[in-house]
Amino acid sequence: MHERDDMNLDETMMDEGAIDLDLPQPYRPLWPWNNRVSGTYTSQSTIILRNPPVVPQPIPIPIPQPRPSARQGGRDATMMDDLDPMPLDDDIVDTGVDELSLIPLFSSETVRLDVDGTDPQQVISGEIRRGLRQRLHWIANLRRRSTSTWTGRVWYRNGTGSLLPQTTVTVRAYRSFFPHQRRLRVTFSGGGALTRTRDFRFHSSYFHDVEFEFDHEDGIAPVTTIQTHAHPNHPATVPSQNLSIETVYRRSGFRVTRSAGENAVPSSLSLGNGDPRWDDNEMHDAMQTYWSRFANTAQWALWVFFAKQHIQGHSLGGIMYDDIGPNHRQGTAIFYDSFISDLPAGDPNPAASVARLKFWTAVHETGHGFNLAHSWQKDHPFGPSWIPLTNDDAALSFMNYPFRYPGGEGPFFANFEYRFTNQELLFLRHAPERFVEPGNADWFQNHGFDNAATEAAPRFRLHLRLNRDTNVCQFLEPVRVEFKLENVSSTAQTIDAGILDTKEHLTICTMRQGDRARQVYPLAQVCPRPRMMLLEPGQSIYATHDVSFGRDGWTITDQGRYVVQACLDLGDLDVVSNPLMLTVLPANNREEMVLAQDIFSTDMARVLTFGGSRVLEAPMDTLRQVADQLRGNPLALHANLCLGRIAMRNYKLLDLKDTTHTDIKSVTDRAVGKKSVKVVDADIEAARKHLDLALTADMARSADLLANVSLHEEIDRTSIWLAEIGDNKGAVALQDQLGKLLKTRIETKTVQTRVLAEIDGMKDALKGGKTRAARN
Amino acid sequence: MGTTNQLHVELHDGFSGEAVSAWLDGNEVWQTTGARTRLQIDLAAAFTVAVDQGRHRFEIRVPERDAILGLDIDIAGPWWIAVDLGRDGKLAARQSATAFRHA
């Protein structure tokens, strides 16, 4: 026997206390309604940060700021345990070992708790989304441990199994009269994995939202509500009530709305072939024309068409005809000039019998729209079922034919409680949404999930790090992060050696404590030719990227705690990095505060990205000020790099001030003239001075700020330039200095030994005058 | 000549594109090259043949599954036969004096 609450509570599945006005409810017990916990809960994925709240800094008044201490005035994960019985609303939604890996863009979770209300399945299901494509849908059966605690094992996984290595789920519900105060704390444990706890906020008493549109052919009066006792043959357990199609689906877990655009469809529409009856294509056409929400896409909406007759004839009472085109299951039809309108002989209330069969047919066809199969076709060779299902000819379900039930319609309706079976409710409420959502999975594919497609062990690990002992950055510092992609599998992997070098395949996000996550969009798109290589087990490739700014400006600005996380698109999978936690310190002095207003601009982001400019004069002037006045600030290193790079070579400028732009076809156009392309001569001494300050004056510090990989690239560029201007000796000396520095870092395992061989190779090339030598 | 009645035959569950033929008293009365069940209405094909009142031998044949189902039927009025093709390749039939209904 399935557990079944008072039917009078059915309609309380409506959201946030809305009242279903189509049902007379003489008595609605208040307390159980308010005390329900079933429904959908979501996690907002805010990250726990252990520092005190950040105080906005007034500009330009310099205020000495103490360094944030680890626990001063803040709340941390351990405090969560003291928050019983209810977590606070504002900031903490995640605890445990996974606490730092949750940037909303990369990780969101939804759970559906199904332990009370109508026909509770004692189940919790969830969906974990991480990265751009990683998804896991899971389900666990629950056993009640106390009034508000349940536990159970995960028995279903569909998607990236590694997202949930734990095997046991423990749910603690925090009840409240007010829906917005309801919470769940879900603890995932077992399976040899670390225990993870996550808090969820109440979202809805339902599991899905759906909109029905009931359109009808001219002359048809749709039956969408019946009186359950209108016919004397009914189960004693069914209360007398007006029951609507919407209510049936509300009880099944859907927040149902009716379309405001319901239409009458002219009968002439079916006359295309001279036959007044409808064929499937005609109904599909009618759906496209008359359904106010029709779209060639999956959506939580269904078109229900009440028509006269299908071309199949009197023996077809209804059909989910929509297995045409790319989006199946969007439309169903019910035919009133069919057997469902036949008055049964000898029936004590034939009119009620007809109304009941019309009602049953409408709910039945709508069930097909949600990918439910007939009761006797659950275990069918033609279409995979989401879980092993069993056929049941005697199912008391909307998906069984009453006239196919053992003994026929009489015994069926004597016991039928106007519901779906538990395995059907499990599917409707807890299957992966794409299997259920109309227009998504093809009809009968994964009717009722296919077998779990769990991913094998991860092949790669993406690690983000700063090249310093503590992840502390100075105010104004462009944060340059080292990206390391490691083959963590036991076999060699083929990969593009340059896949980390550009942001083509990387999605990078930053998030400041208490703020929303922001994606760092690249300022330039490049499409380098892939250089495929075999990455041996344990071997890594590296790159560095500025994560403070991008196309939309600066993402790391004010003091505070930040998280940086990245996702690498490898085509067949996404590799999500560790979340890199870092702290930006407050301004050191008034000058930094003042210059900040000029630095945190999009133009400055461009200049820093492209290594300087002779066109964007304002940010370059700011960089000169930084190089001159803020010598101790890391930004001064970047400023000197930009100033040095600009001065290294002759610089071409397109000057169109004296040209009528509309006449220009190209820079070689005579209308433009050669005078429009101006060349600014290199300034070798200025370049040497700035590059020395940036790279060699304190190379260890430069390595910390730029990261080893980036410093190596900058030194190579500078060495090649020195060789090109005839200073081979200086070029080799620069490589020597780099080699000595990086040799010390091999001991700390931040540099690989092969790097020294690359430096030796470069030195040999420079000595031999091969200035175009490149690193391996 | 005796009274003629209609024999309605429906192919229901289990057909996935097989060639099917129907035989009445040794004569082929219907055939299709590809019967495929529309699962949402549990129907692959339907046909009607006129049959004289009285006893007859009716057969459904699915050659590629080596399946033959023979029925001795006694026609006294309109008659319906539903045929399922099981997963084991065997044919099974249900008979009724009223039409089969689908939804």
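The values are calculated or read from the model by the stated rules, or taken from the named source; none is laboratory data. Since the model is a prediction, treat every value here as computed from it, not as a measurement. Ideal geometry is used to build each Cβ from the backbone, glycine not excepted, and the neighbour counts take in all protein chains shown.
Looking across region A:513-541, the residues that are surrounded by 13 or more Cβ atoms within 10 Å (Cβ to Cβ) and part of a loop (DSSP other than H, G, I, E, B) come down to A:Gln513, A:Gly514, A:Asp515, A:Val520, A:Tyr521, A:Pro522, A:Leu523, A:Pro537, A:Gln539.
Could you look through region A:373-390, keep only residues that are within 10 Å of chain B (Cβ to nearest Cβ) and of a type outside the set (Gly, Ala, Ser), and pick out the one that is farthest from the chain's Cα centre (by Cα)?
A:Trp376
The residue of region A:542-558 that is modelled with the lowest pLDDT, among those that are outside any strand (DSSP E or B) and buried (at least 20 other Cβ atoms within 10 Å of the Cβ), is A:Thr555.
Against the list (1) touching a strand residue (DSSP E or B) at 6+ places or on another chain (Cβ under 8 Å); (2) facing chain B (nearest Cβ under 8 Å); (3) surrounded by fewer than 24 Cβ atoms within 10 Å (Cβ to Cβ), the condition A:Glu365 fails is (3).
The single condition among (1) within 12 Å of chain B (Cβ to nearest Cβ); (2) assigned to a helix (DSSP H, G or I); (3) surrounded by fewer than 24 Cβ atoms within 10 Å (Cβ to Cβ); (4) of a type outside the set (Asp, Glu) that A:Gln288 does not meet is (1). Just for region A:471-496: of the residues that are touching a strand residue (DSSP E or B) at 6+ places or on another chain (Cβ under 8 Å) and among the hydroxyl-bearing types (Ser, Thr, Tyr), which one is surrounded by the fewest Cβ atoms within 10 Å (Cβ to Cβ)? The qualifying residue surrounded by the fewest Cβ atoms within 10 Å (Cβ to Cβ) is A:Thr494. Taken over region A:116-141, the criterion of being surrounded by fewer than 20 Cβ atoms within 10 Å (Cβ to Cβ) and assigned to a loop (DSSP other than H, G, I, E, B) is satisfied by A:Asp116, A:Gln122, A:Leu132, A:Arg133. Restricting region A:295-308 to residues that are part of a loop (DSSP other than H, G, I, E, B) and modelled with pLDDT of 90 or more leaves a set whose member that is farthest from A:Arg258 (Cα to Cα) is A:Lys308. Of the candidates A:Arg185, A:Arg153, A:Arg144, the single residue that is buried (at least 21 other Cβ atoms within 10 Å of the Cβ) and either within 23 Å of the chain's Cα centre (by Cα) or not aromatic (Phe, Trp, Tyr) (or both) is A:Arg185.
Within region A:289-309, residues that are farther than 11 Å from A:Phe212 by Cβ have Cβ atoms under 7 Å from residues that are part of a loop (DSSP other than H, G, I, E, B) and hydroxyl-bearing (Ser, Thr, Tyr) in these pairs: A:Ser292/A:Ser259; A:Phe306/A:Tyr336; A:Lys308/A:Tyr336; A:Gln309/A:Ser338, counting only partners at least 6 apart in sequence or on another chain. Cβ-Cβ distance below 7 Å, separation of 6 or more or different chains: which pairs start in region B:1-18 with a residue that is farther than 18 Å from B:Arg101 by Cα and end on one that is of a type in the set (Asp, Glu)? As it stands, the answer is B:Gly2/B:Asp52; B:Thr4/B:Asp52; B:Glu18/B:Glu64, since those pairs meet every condition given. Residues that are touching a Pro at 6+ places or on another chain (Cβ under 7 Å) and either in a helix (DSSP H, G or I) or modelled with pLDDT of 95 or more (or both) within region A:309-342 are absent altogether.
The criterion of at least 2 residues that are among the polar types (S, T, N, Q) and over 30 Å from A:Thr366 (Cα atoms) is met by the following strands (runs of 3 or more DSSP E) wholly inside chain B: B:4-11, B:27-36. The sole residue among A:Thr502, A:Thr507 that is under 19 Å from the mean Cα position of the chain (by Cα) and surrounded by 14 or more Cβ atoms within 10 Å (Cβ to Cβ) is A:Thr507. Can you tell me which residue in region A:394-409 is farthest from the other protein chains (Cβ to nearest Cβ), limited to those that are closer than 19 Å to A:Leu426 by Cα and touching a helix residue (DSSP H, G or I) at 6+ places or on another chain (Cβ under 7 Å)? Looking at the filtered set, the residue picked out is A:Leu396.
Whether a residue is away from chain B (no Cβ under 14 Å) and among the aliphatic types (A, V, I, L, M) was assessed, and A:Met320 does not pass this test. Of all residues in region A:697-734, which are more than 20 Å from A:His638 (Cα to Cα) and either in contact with a His (Cβ under 8 Å, 6 or more places away or on another chain) or assigned to a helix (DSSP H, G or I) (or both)? Once the filter is applied, which keeps residues that are more than 20 Å from A:His638 (Cα to Cα) and either in contact with a His (Cβ under 8 Å, 6 or more places away or on another chain) or assigned to a helix (DSSP H, G or I) (or both), region A:697-734 yields A:Ala723, A:Glu724, A:Asn728, A:Lys729, A:Gly730, A:Ala731, A:Val732, A:Ala733.
Name the residues in region A:347-372 that are in a loop (DSSP other than H, G, I, E, B) and either more than 35 Å from the chain's Cα centre (by Cα) or within 26 Å of A:Pro232 (Cα to Cα) (or both), would you? Answer for region A:347-372, where residues must be in a loop (DSSP other than H, G, I, E, B) and either more than 35 Å from the chain's Cα centre (by Cα) or within 26 Å of A:Pro232 (Cα to Cα) (or both): A:Asp347, A:Pro348, A:Asn349. Could you please give the count of residues in region A:336-362 that are within 11 Å of chain B (Cβ to nearest Cβ) and surrounded by 19 or more Cβ atoms within 10 Å (Cβ to Cβ)? Qualifying residue count, region A:336-362: 8. For region B:18-49, the set of residues classified as within 14 Å of chain A (Cβ to nearest Cβ), over 10 Å from the mean Cα position of the chain (by Cα) and aliphatic (A, V, I, L, M) consists of B:Ala35, B:Leu39, B:Ile41, B:Leu43, B:Ala44, listed by residue number. Between A:Ala492, A:Ala497, the distinction of being touching an Asp or Glu at 6+ places or on another chain (Cβ under 8 Å) and under 13 Å from A:Glu536 (Cα atoms) belongs to A:Ala492 only.
Being surrounded by fewer than 19 Cβ atoms within 10 Å (Cβ to Cβ) and small (Gly, Ala, Ser) is a description that does not apply to A:Ala333.
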